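Working notes, beginning with the structure itself.
The values are calculated or read from the model by the stated rules, or taken from the named source; none is laboratory data. These numbers were taken from a predicted model, which means no experiment stands behind them. Using ideal geometry, Cβ is built from the backbone for each residue, glycine included, and neighbour counts are taken over all protein chains shown.
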């Protein structure tokens, strides 16, 4: 349930784009890769990647999940770290692939793959020891902690450490920061009314901080939270942390 | 309905699994009740804060939790042997042991014992297993009055309601509601929100009940196989009075509550109250090992232990699902569940609400009856993080979703009602999803197309309609990350 002990700095890393970023937030994926490239790494984005298979696995369709997971395992073949700009997808691949493939002929391969999966902000902090030079205007932001980043990948303070490096950014913590936003994949539509109650409370907590932007490391949460913010007509923008960090360092 | 004039015990609504409204409908009723949501939120926030203060040192917490998990896992690994050892030790100590396979068996055994002792007035300590058995109703139907003596249970018994939490049964009520209820039911008590006055009034009534009771019924927190000891923890002294004052004591528990050794009790007691209410220890820790012995001044003349199965053997038989039975009923998973905080305990339609209820109830009642519960979770893992005995609740939820959705037909499915929730349309969606996401050729074409036309999907499309009830629709990017990465010249192999 935790990240590997500090690996040495690699020359090359894989980037796993996630299916939500692929369709809805490609700029967050590009920003994640750019942050890595700026640190001198070679970034490989295999074109045959698709989805971590969490949606099917969490719905109880394990055969379907395995078929899609297997495609990722067969795609990311080199022994490079697999950097993921999502705690949730990283958690699926790192903590659940071994169980998903238990008893299968490729169980060993799945375990080896899982061992190479790292979450982006953890990688930036612990492996690259990144130093960010903020070029943006002063701004107040708040952070939304993703459940799976915290509880499956052990990523808690790393994103906030990155935000605190930005001299022009004031980070205000929201009430119930570590509570689920109510996305939960199919939960958001299967139990839409409960999900609505959860995200409405989340938006209220975010608005109380007075921040003009909410930053998150997971696009599932972000899609849920910004969708509710926009529907409520609140003047708060949502940003994936990779995109936000890159914007700040470019002085955008 | 004054307590003094109740004929055969208070009227309790039929607490059987509600066949009418499902979880979603019950949750709707709770969600539109702002007072209820406030009560739960405030109470859960307080409980989370108190628990966190008890486990401030993460290293100590991890070590203690490991011991607790080990104790429970070790007990379950030897469950059949330990139950026999428990029975033998109890018998040697003078406690009569009864085995109940179903709740009907359990109710019949309790009634039989009470009738044998001509007991008509019963006082009860808190027992979730007796709630699971709907014991009060059964006894009332046979002319026996069972009065709940735990203050929370007493309050909901007066209100004719079911517990909304396994540790704090009336947590859904606020002070005004309790004050109004007690004022209407306790003669001589006017409306007051003074907690000390309310408690004193309830105590006055209950003391008479203890003194008059023919029998006491209690639950059990842990049953120690090594010594035949029944451990019962509580804060109000009502558990001690229920188990020592009347001449007959009947303890009821599930077969999973057994532990190997007396040495297992200290770590488990260090975990349970701190996880439950943020207390370092409960006010009372009762350890009952025999009836009154010759020369002793108090204690019941007869003690009976009822071990209820009610589907637990089936849970035990599956290596993964067995972890469900580690539960020590602290309720920490409930206190930390963001879904429970919104919908409250009654939405779950079962005596075990929240995360533990979502995994336990469908296994006991069957997925055909309670198959909607495993889906009532975002799999946020807040429960997993605080469980003092490391039950992998989220993994078991996924397993139950899988059992519910698999094609029916296994001769002896691991879970009752397996396959009962399979929907062809849903299965087809996942088949299509699999082809799209497992085949790059198809995936590239499908996602390129979707990125371009997705924003024209009609707003009334089923999933989109549910999504947009309180959110704007997600915006498809026009081009996929795959395309943009290729265009940006990023290496792809």
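Reported count of residues in region B:370-403, each being farther than 23 Å from residue B:73 by Cα, within 7 Å of another protein chain (Cβ to nearest Cβ) and in a helix (DSSP H, G or I), is 3.
Residue under question is residue B:307, and the condition is that it be within 30 Å of residue B:213 (Cβ to Cβ) and assigned to a helix (DSSP H, G or I); does it hold? Criteria not met by residue B:307. Candidates A:121, A:142, A:95: the one that is within 10 Å of another protein chain (Cβ to nearest Cβ), at pLDDT 95 or above and either under 18 Å from the mean Cα position of the chain (by Cα) or assigned to a helix (DSSP H, G or I) (or both) is A:95.
Only helices (runs of 4 or more DSSP H) whose full extent lies in region B:34-107 are considered here, and the ones with at least 1 residues that are at pLDDT below 95 and closer than 25 Å to residue B:340 by Cα are B:34-54. Among the residues of region A:164-172, are any in a helix (DSSP H, G or I), over 23 Å from residue B:375 (Cβ atoms) and free of Cβ contacts under 8 Å to residues at least 12 places away in the same chain? There is at least one residue in region A:164-172 that is in a helix (DSSP H, G or I), over 23 Å from residue B:375 (Cβ atoms) and free of Cβ contacts under 8 Å to residues at least 12 places away in the same chain. Restricting the search to region A:204-220, which residues are under 17 Å from residue B:474 (Cα atoms) and part of a helix (DSSP H, G or I)? Listed by number, the residues that qualify are A:219, A:220. Among the conditions (1) assigned by TED's automatic domain parsing to the domain that holds residue A:218; (2) surrounded by 17 or more Cβ atoms within 10 Å (Cβ to Cβ), residue A:164 misses just one, which is (2). Checked against (1) without any contact (Cβ under 8 Å) to a residue 12 or more places away in the chain; (2) surrounded by fewer than 21 Cβ atoms within 10 Å (Cβ to Cβ); (3) at the interface with chain B (Cβ under 8 Å from one of its Cβ atoms); (4) farther than 23 Å from residue B:403 by Cα, residue A:30 passes all but condition (2).
Which ones in region B:463-482 are within 7 Å of chain A (Cβ to nearest Cβ) and part of a helix (DSSP H, G or I)? Answer for region B:463-482, where residues must be within 7 Å of chain A (Cβ to nearest Cβ) and part of a helix (DSSP H, G or I): B:463, B:466, B:467, B:481, B:482.
In the set A:189, A:169, A:155, A:203, only one residue is at the interface with chain B (Cβ under 10 Å from one of its Cβ atoms) and either at pLDDT below 95 or in contact with a strand residue (DSSP E or B) (Cβ under 7 Å, 6 or more places away or on another chain) (or both); that residue is A:189.
Among residues that are in the same structural domain as residue B:292 (by TED's automatic domain parsing), assigned to a loop (DSSP other than H, G, I, E, B), over 26 Å from residue B:41 (Cα atoms) and touching a strand residue (DSSP E or B) at 6+ places or on another chain (Cβ under 8 Å), residue B:119 is included.
Residue count for region A:56-78 satisfying the condition of being in contact with a helix residue (DSSP H, G or I) (Cβ under 7 Å, 6 or more places away or on another chain) and either facing another protein chain (nearest Cβ under 7 Å) or not in a helix (DSSP H, G or I) (or both): 12.
Going by the structure shown, is residue B:225 more than 20 Å from the chain's Cα centre (by Cα), closer than 26 Å to residue B:71 by Cβ and in contact (Cβ under 8 Å) with a residue 60 or more places away in the chain? Answer is yes for this residue. The set of residues in region B:428-456 being within 42 Å of the chain's Cα centre (by Cα) and not in a helix (DSSP H, G or I) is empty.
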